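A.B. asks: The structure that follows is given in the form of structure tokens.
What follows is calculated from the coordinates using simple rules that are stated; it is not laboratory data. Predicted model, so just to flag it, every value in this text is computed and none were measured. Methodologically, a virtual Cβ is constructed for each residue, glycine included, from the backbone with ideal geometry; neighbour enumeration extends over all protein chains shown.
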Amino acid sequence: MDGWGEILRIPAIKVPRGSHSADKAVQKGITAFKFDDSHDLIWLGDSSGYLYSFYGMKLQPYVSCRVCQGQINQILGHKKGVLTLSSKGVRLGTVEGISIYRVICSKEHGGLRCMTYTSNTQTEVYAGGRASSTGSRIFKIDLVNGKVSGCISYSQDLVFMTCNLQYVIFGRSDGCVDVFDPKSERVVKTFRCHSASLSSIFIHDNILMTTGYSLKKDRFVPDPLVNRFDLQTLDSNTAADLSTFITLMDISDSGDYFAFIDGMQNLHLWARVPDPMSPLPNFTVYGKPVKFPSVNNEVIPMMNRLNFESAFPPLNGIKLPHYDEMLLSAWPPDAVFKVGAVPKPIDYEILRGVRKVQTFNIAHYDKDKFGSRNIVTKYEKQKKLNIPKFISEKDSDQSDDENESHNSEQLQDFAAARDMSLPASSSSNRTDNISQDKIYPKKQNVFETVSDSGELPNAFKLMRIAYSKFGVDDFDFEYFNNTRFTGLEADAGNTYTNSIIQLYKYNPPLYNYISLSLREDVADEDILLVELGYLFDKSLNANGHHCAPSNFQRVLSTNAEARKLGLITENECVYDSYGQRKLVQVFNRFLLEQISRDEQYLYTTTEPVRLDSLCGVSTETRIVSKFCSLERSFSTVFHSIDINVLPVSLNAPASLTIVDYIQASMSKAVSRPINCDVCGKRHPIDASLHVRSLPADLILNIDLTDEQLVDIRFLKGWLVPEFYVARTNDGSSVLFAKRESVPSQVPVRRYDITGLVVQITDRVNRSHLVTLTKVPDKTGKLDKESWCLFNDFLVTEVSQEEALDLSYWWKKPVVIMYKAVDTEDKFVYDCWRQNLDVSILYKDHFARGTREGKIIEYKLLTHDEPPLPGTMVAIDAEFVQIAPQEFEISFHRPKKLVKPKRLVLGRISVLKCDGKNAGECFIDDYIVAKEHIDDYITSFSGIEPGDLDPDKSKRTLVTLQTAYRKMWLLLNLGCIFVGHSLKGDFRMINIQVPPEQVRDTAELFYLKKEKRKLSLKYLIYQLFKDNVQVGNHDSIEDADSAMRAYRKYLELKSNGTFEDILQRIYLEGQMSQFRIPQ
């Protein structure tokens, strides 16, 4: 090679930092190699995911960084930096090693091997590889926006890609090359290059060259010839002989350099130098300068400069004496201080209350929350709650006996089931099913409601649900509730609404009013009033277990008015304390107004008479102008009062109570300019609003600023447990905090507090909401002395004194509810049972259309066979996925599941279990999907794409409200549900079924010591030698299989062979890994 010479040879593999020997580097290999297109750099990628670059002809190390977990498969130059390809995606980074973005194409399986640009604009690349891993696709990646822009179907395994101005070349693993036209997205020519595989491909203009292997005697032998192809004529011919051992090679853009990696992982750099006296050229023709770290050279004074030409020896040659005592430079630890730290920003709560006095900005400083100023406090480690393990991780020794006894109580035969009586319509009998002793603690309560140190008590802290690989069902909710009252889960979205729901639920008039709506047949519209009634009834059946308000949240999220008001927090928006309080109060007003509209629709009335009689606030608004004859007045009914007017205190300010704030807020006045429609001019008007009378249920929105709420803290007894209302001669209401303040001959109406929603804010300004409310006694009557704290799923008892104490820095009132004592104070849990409409069980109720053209797989019930107490029905539900799992990945700990996959109900089937028509399906509902479906999970659900779309489906589609009402009616008519793994089905349907109405074959055929439950498919095979669930699942078949398994269980229990058969099933399962023989 005349004029060419080797410039430098260096090891290409870098020894990892901390290694004592270079032997460790042998385990790695260079897998990608490329000259930079615009800088004098050579890029290398190794099998461990590290990217290296070397600068100039001296191959000076420039950048070293790790860009992926696996090996780097290919490197491409880019105008913004450098592109690297891993098995799962593409990374674009700067030449300095800073990552710009990553695009994950094949997240689960990987399989990417090669990539290439689609044009010389460098705006798009193709990435492909092993077809089985990429789903037989080539990914199109938009490099401008950094995302996958599309896919191309391609069934072959790829090992190389390259392109010219017209075609993209695909090098296949079988030794063939496909010439692909990116405009028409089709293969225009296929060349058979090598009999076994390709080792490299190269393209220049219209010339394509390939090298590869042949298979001889079961060995890959390098082909001695280079194949040459003309892409203009699409012809082929053999070019030249090749017999060197080079793993990777590339030529610089200038054509004056080439470099290669040999078999010993050494990097060789060669250059062409025609004249020994001429300077060496660059890697690129028009290269950009390479940036290096700037060095700030310190100017050394002349007196401190060393004169190396003097006779004195250098300083590093002067020996230091041996010291026996500590030097002054050894500073003691208590004299070392951290400097240069960024000061802590001023809390936004302080900044919100800033007011200007003359030329100074002054704000209130809360010493209780932020501590004393300018005083160093000793750091004290906070005590952590001893949260239990997940249920799946607990020691099952103790639970074995409990579960066995639970199963023995749960299991009954058909005859015993038919003797089960339906609870009477009286509310007292409904509460007999509730464990009355559960309100008393069974174990020591670690959730304190009082703190002597001034810190936030455990019971008031923000509660988070932890997720294991089994999802939310593995979380131990029971640990957080020792009462018979139900908490609400905090993972259904819009969790701030839980506080208002709990406040309404424990107000007897509101509870009875909302529950009464359940007797109406409503299945078409999304009615929040009815959904709230379903949620109240589900909470009652839960009997102290946790409850998920998922159906209520789904209906709320589809409400157009709620979205317009910003009440839907799908992205977990973070609000400050003031913004969160406003959000809850807006939701409170919206919910009351929506309930009033729902009442008018439900009962076909023009006014919400029932709600107005409970919490309707009658007001009179008067508008007057001093500049013209404008004078108007009109009456309006609101359902809550906003407390946003400060009272004028004639006495000592410390004597003010909430009664004074209510009285002040009952008369409001404002003056503002308007364009008058009487005189046609713009002038001020005076508007006033006066509350004429207070309702039986008084709902107050505490709409005060942070500074005004701080003032309330120092008003002892501000939140009074009761107050009195007297009427004056002109009909207006006057409020008194004490009875003795009113003459004895004057009639008064007494109001007692029933509950309040408070905002809890910790020292780092994380805010959440809790509810403090009175709870009913055993007879269903509101107990004046019993209070409970509802912090989402945490429920614990609290004293009335503690509930009404607002002197803490972390506690602010948001919504307060009072109730007149002359109204009903007893919960009528079964008020909906009288005149209950059950007609929906006997008719079709499709979301759209009629039976014509639909696939009908069920037969409707007739009035000759109504569901009765003890009627057994087999049930199975199928689900679809609307959102995948979300994980938190960190280098310091294992990946953590932060949000489980979201499933919604897709199909539900119910079969008769006895009678002449046993095994006949009478409900087979497909649920209309209103959300985007991420995955139909067809192999497990049997639901095909399009089955839940009203415009395409031929299935019997119904709304979620229709399907839910049918299940709710069967539950409350006393039916017994037979199925397999019903816990998950009930959770997706969102119903709470008492244990005595459940026959779950997954629990019946379960050996606790084995810690593994049998699948329905394997159980049916062992019991009947039948194969079910062949292909996709079918809910009718699964329900029928569960019914057969339960009948077999009763048979085995009656002849005394159940334990032996179950032991044999598990023994055979262990030998076959619980798989059915093929």
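A.B. asks: On full extension of the chain, what length is gained from Val637 through Ser807, given 0.36 nm per residue of separation minus the C-alpha to C-alpha distance?
C.D. replies: Net length gain for the segment: 57.8 nm.
A.B. asks: Quick one: net charge around Thr606, please, counting Lys, Arg +1 and Asp, Glu -1 for every other residue with C-beta under 15 Å from its C-beta.
C.D. replies: -2
A.B. asks: Could you tell me which of the pairs Lys461/Lys895; Lys774/Lys896; Lys140/Lys469; Lys812/Lys896 are separated by over 31 angstrom between their Cα atoms in the structure shown?
C.D. replies: Long pairs (Cα-Cα over 31 Å): Lys774/Lys896; Lys140/Lys469; Lys812/Lys896.
A.B. asks: Same structure, new question: Using unit Cβ charges (K, R positive; D, E negative) and no other charged atoms, how large, in debye to the nearest 20, is the dipole of segment 512-554 about its Cα centre?
C.D. replies: Computed charge dipole of segment 512-554: roughly 280 debye.
A.B. asks: Can you tell me the dipole magnitude for segment 597-701 around its Cα centre, using point charges on the Cβ only (Lys, Arg +1; Asp, Glu -1), in Debye to the nearest 20?
C.D. replies: 500
A.B. asks: Residues of segment 584-618 with backbone nitrogen within less than 12 Å of a virtual label 7 Å along the Cα-to-Cβ line of Arg749, please, listed as ranges.
C.D. replies: 613-618
A.B. asks: Give the aspartates and glutamates whose C-alpha is closer than 16 Å to that of Lys681, dropping any in the same chain fewer than 8 places away, or say none.
C.D. replies: Cross-link targets: Glu631.
A.B. asks: Something else: Mind checking the full-extension length gain between Ser47 and Arg622? Use 0.36 nm per residue of separation minus the Cα-Cα distance, one decimal, nm.
C.D. replies: 199.0 nm
A.B. asks: Here is a further query. Output the relative contact order of segment 593-740, whole-number percent, from Cα pairs under 8 angstrom with separation of 6+ residues.
C.D. replies: Contact order relative to length: 25 percent.
A.B. asks: What does the charge add up to near Ser625, with Lys and Arg as +1, Asp and Glu as -1, over the other residues with Cβ less than 12 Å from its Cβ?
C.D. replies: +3
A.B. asks: Another question about this same structure. What nm distance separates the two modelled labels at Ser1054 and Lys1008, each placed 7 Å from Cα along Cα→Cβ?
C.D. replies: 2.8
A.B. asks: Could you order peptides 928-939, 493-504, 543-554 by the average number of other Cβ atoms within 10 Å of their residues, highest first?
C.D. replies: My ranking of the peptides, most packed first, is 493-504, 543-554, 928-939.
A.B. asks: To the nearest 0.05, what FRET efficiency results for Ile882 and Asp783 with a Förster distance of 45 Å applied to their C-beta separation?
C.D. replies: 0.60
A.B. asks: Can you tell me the length gained on complete extension of the stretch Ser155 to Tyr101, counting 0.36 nm per residue apart and subtracting the Cα distance?
C.D. replies: Computed gain between Ser155 and Tyr101 is 16.6 nm.
A.B. asks: Taking 7 Å along the Cα-to-C-beta vector as the label spot, tell me the His932-Lys983 distance in nanometres, rounded to one decimal.
C.D. replies: Going by the 7 Å Cα→Cβ label model, 3.3 nm.
A.B. asks: Answer rounded, prolate or oblate for segment 1001-1078, using the Cα gyration tensor with square roots of eigenvalues a ≥ b ≥ c: rounded when a/c is under 1.5, else prolate when a/b is larger than b/c, else oblate.
C.D. replies: In terms of gyration-tensor shape, oblate.
A.B. asks: Here is a further query. Tally Lys and Arg at +1 and Asp and Glu at -1 over the other residues with C-beta under 9 Å from the C-beta of Pro281: what net charge comes out?
C.D. replies: Local net charge: 0.
A.B. asks: Starting from the Cα of Thr705, step 7 Å along the direction of its Cβ; do the same at Glu857; then give the gap between the two resulting points in nm.
C.D. replies: 6.4
A.B. asks: Compute the FRET efficiency between Asn1032 and Gln1070 as 1/(1 + (r/R0)^6), taking r as their Cβ-Cβ distance and R0 = 25 Å, and round to the nearest 0.05.
C.D. replies: That gives a FRET efficiency of 0.35.
A.B. asks: Rounded if a/c is under 1.5, else prolate if a/b beats b/c, else oblate: with a ≥ b ≥ c from the C-alpha gyration tensor eigenvalues square-rooted, which is segment 847-894?
C.D. replies: Verdict is oblate for segment 847-894.
A.B. asks: Next question. Relative contact order of segment 30-130: what whole-number percent is it, with Cα pairs under 8 angstrom and at least 6 residues apart?
C.D. replies: 18
A.B. asks: Give the relative contact order (percent, whole number) for segment 961-1078; include only Cα pairs under 8 Å separated by 6+ residues.
C.D. replies: 22
A.B. asks: Here's a follow-up. Taking a threshold of 23 Å on the Cα-Cα distance, which of the pairs Lys538/Lys954; Lys859/Lys983; Lys34/Lys80 fall above it?
C.D. replies: Lys538/Lys954; Lys859/Lys983
A.B. asks: As an exercise, use a Förster radius of 30 Å and the Cβ-Cβ distance of Asp521 and Arg563 to find the FRET efficiency, rounded to the nearest 0.05.
C.D. replies: 0.60
A.B. asks: Where in segment 605-663 are there trypsin sites (Lys or Arg not before Pro) that are in a DSSP coil and have at most 13 other Cβ atoms within 10 angstrom of their Cβ?
C.D. replies: Loop-located and lightly packed - Lys626.
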